[in-house]
1. Considering every residue in D:13-26, what mean count of other chain Cβ atoms within 10 Å of its Cβ is obtained?
2. On a 0 to 90° scale, report how tilted helix D:35-45 is relative to the longest principal axis of chain D, with both axes built from alpha carbons and the result rounded to the nearest 10.
3. Once the label point is set 7 Å along the Cα-to-beta-carbon vector, what list of distances in nm do you get between A:Trp4 and its counterparts in the other copies?
4. Give me the distance between the Cα centres of the stretch D:27-49 and the stretch A:1-34, rounded to whole Å.
5. In the stretch C:28-77, what trypsin sites (Lys or Arg not before Pro) fall in a loop by DSSP, with at most 12 other Cβ atoms inside 10 Å?
6. Over both sides of the F-D contact, add up the buried accessible area with a 1.4 Å probe and give it to the nearest 100 Å².
7. Quote the relative contact order of chain A in percent (integer), defining contacts as alpha-carbon pairs under 8 Å separated by 6+ residues.
8. Per residue of D:32-43, how many C-beta atoms from partner chains lie within 10 Å of its own C-beta, taken as a mean?
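The values are calculated or read from the model by the stated rules, or taken from the named source; none is laboratory data. Everything quoted here is computed from the prediction, not taken from an experiment. Neighbour counts run over all protein chains shown; Cβ positions are idealised from the backbone, glycine included. The area values use the complete protein model at the heavy-atom level, side chains included, leaving out ligands, DNA and RNA. Shrake-Rupley method; radii C 1.70, N 1.55, O 1.52, S 1.80 Å.
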6 protein chains.
Amino acid sequence: MASWLPTLKTDTPEEGYDLAVKLARVAVKLTQPDADVRDRLRPEYAQDSNALIAASQVVATHFATVAAANGYWQNKP
Amino acid sequence: MASWLPTLKTDTPEEGYDLAVKLARVAVKLTQPDADVRDRLRPEYAQDSNALIAASQVVATHFATVAAANGYWQNKP
Amino acid sequence: MASWLPTLKTDTPEEGYDLAVKLARVAVKLTQPDADVRDRLRPEYAQDSNALIAASQVVATHFATVAAANGYWQNKP
Amino acid sequence: MASWLPTLKTDTPEEGYDLAVKLARVAVKLTQPDADVRDRLRPEYAQDSNALIAASQVVATHFATVAAANGYWQNKP
Amino acid sequence: MASWLPTLKTDTPEEGYDLAVKLARVAVKLTQPDADVRDRLRPEYAQDSNALIAASQVVATHFATVAAANGYWQNKP
Amino acid sequence: MASWLPTLKTDTPEEGYDLAVKLARVAVKLTQPDADVRDRLRPEYAQDSNALIAASQVVATHFATVAAANGYWQNKP
């Protein structure tokens, strides 16, 4: 089976951000593996400011890691 | 389509801060893609101290990344 | 007795992520050593968006450490 | 118009700390631009332990950035 | 009197983790020096998912510091 | 007037930890300058597990900065 995380390298900062979002979501899946439960929770927290901000915080933490792993994409044009 | 995040480089610390704010907001948009819902939530959390502080925390985390990516703007006059 | 944490080195980013999840859970076990209590708490927080996001935040913090310890798996194919 | 953030450099750690406080507050202003609302919120959260601690957390995150930008003021007497 | 924190160096990652737990707990003791009060609070938060996760977050932050201080135990067998 | 923060350098890790505690508290004082209010809040949050853990989190963030500023006290005996 292919790895869901073969590398932290991405071509662009935007793809790095998308990877950070993915990294944030996988931990939720590992804690709550039942997709039905997650689907039920989603509309609720997607309308809860505090949950949205907290989710953004997790993305920020992962983005710091992904950006460092990519040398902040310094050599990109 | 142009990338919303072509680079982490900015000319000045202030622009780096603005980028951090943008990075914080995009994660919210990705979790709650419906602009109407976000518009409805905004006045509520913009009057909630805890939400304002939590949002500021996300900006702080992203600003650390952007500042590192820019070498802390050491070579700026 | 074998150590539960002999090294921070992992072969792949995905295994590094799994280690981050483990690092997050061990602290919970140390604070609440009673497995029965933890088992009782699990279904509750696994259905609580805020708890799921907070757990994901802990994983993100540990993943940053594990990724740095592995040089971001730069030399992996 | 002069920038509110021309540099992350400060002469002393104490000035660096003050800059961290400023960095924390600007994000609040950007999310809630209405000074009247902010003035209304202030007495409330200034008497709320959790809000005070959360605000201190934001300052801590920014102080880490400012301190790194200043090389931890190693060359100061 | 011997210092409770003579060094951040540990022989193994596992001991580093234990030190991170200790570092997290000392701050609680400094804020609430009364052992009786802490003993009273413990059973309560040890059954509160959110508190357990928040405590794990503090450990994660300290573990990052301890791991960096030990060069991520790179030279260990 | 002497600075409350002349340097981030400390002789030992323990003193570095004490400095982190100080750094955490100063932000609270800057947000709530009234000592009487702070004295009134203290017994309340000192008996609140979540507040104690959150305060410990702030200390952890500052300790990371202080430890880095001191090169993790590597050259100490």
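1. Values: counts 9, 6, 2, 2, 7, 2, 0, 3, 4, 0, 8, 8, 3, 6.
Rounded to a whole number, the mean comes out at 4.
2. 90 degrees
3. Relative to the other copies, A:Trp4 has label-point distances of 2.3, 2.3, 4.0, 4.0, 4.6 nm.
4. Between the Cα centres of the stretch D:27-49 and the stretch A:1-34 lies a distance of 35 Å.
5. On the way: sites: C:Lys29, C:Arg38, C:Arg40; in loops: none.
Nothing satisfies the criteria.
6. Numbers: alone 5930 and 5930 Å², together 9510 Å².
Counting both chains, the buried surface is close to 2300 Å².
7. In percent, rounded to a whole number, it is 50.
8. On the way: counts 10, 1, 2, 0, 0, 4, 4, 0, 1, 5, 3, 2.
That works out to 3 on average.
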